[in-house]
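What follows is a set of notes on a single structure, which appears directly below.
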Amino acid sequence: NPTSAAGKYTQNSASLGVWTRTDNNAAYCDIGVISTTIVGSIRPRVTNLLSASTNATASNPAIATSIGLSAWSRTAAAVAEVYKNGVSLLEGTTTSLGLPNASFVLLARGTTTTPDQFSGNEIAAAFIGQGLSDAEHASMYTAVNTYLTAVGASSLP
């Protein structure tokens, strides 16, 4: 819970990412949290990647597959960026609203009472932390891809 566990995920410096091994077009989050209107979650496909770090609304690019590393980063009050496999797809200017007061969960979106929208995807890796630059997202992708390739887990099961 970013509100009660103060740390690297803050209102104006936050990132979230998930490496999904399955391609699923369902409208469910692979990682996330929501409390009232404050959201931090990722739906790698549906028709977009939810990129609303600490904000419930944002513009999102279409994502062709959920396989790979889907991520977003907020590096300032009005700067949020969407990434797929370490490449920036969109930079938005939605203003942050605050921190969610609920726990992050994998394969769902946590709420103040219980997870909802359970995902059927297979997750290989996930991260939560402070806002990352373009170079840091590219490095994260390379490092995770190298590891998952070495253990035979980067591609479709």
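Derivation of every value follows stated rules applied to the coordinates shown; laboratory data play no part. Since the structure is predicted, the reported quantities are computational estimates derived from the model, not experimental observations. Cβ coordinates were reconstructed from backbone atoms using ideal geometry, including for glycine residues, and neighbour counts include every protein chain displayed.
Sort the following peptides by mean Cβ neighbour count (other Cβ atoms within 10 Å, averaged over residues), highest first: 120-127, 97-104.
Going from most to least packed, we get 97-104, 120-127.
Note on A64 and E122: the model spin-label points, each 7 Å out from Cα along the C-beta direction, lie 2.2 nm apart.
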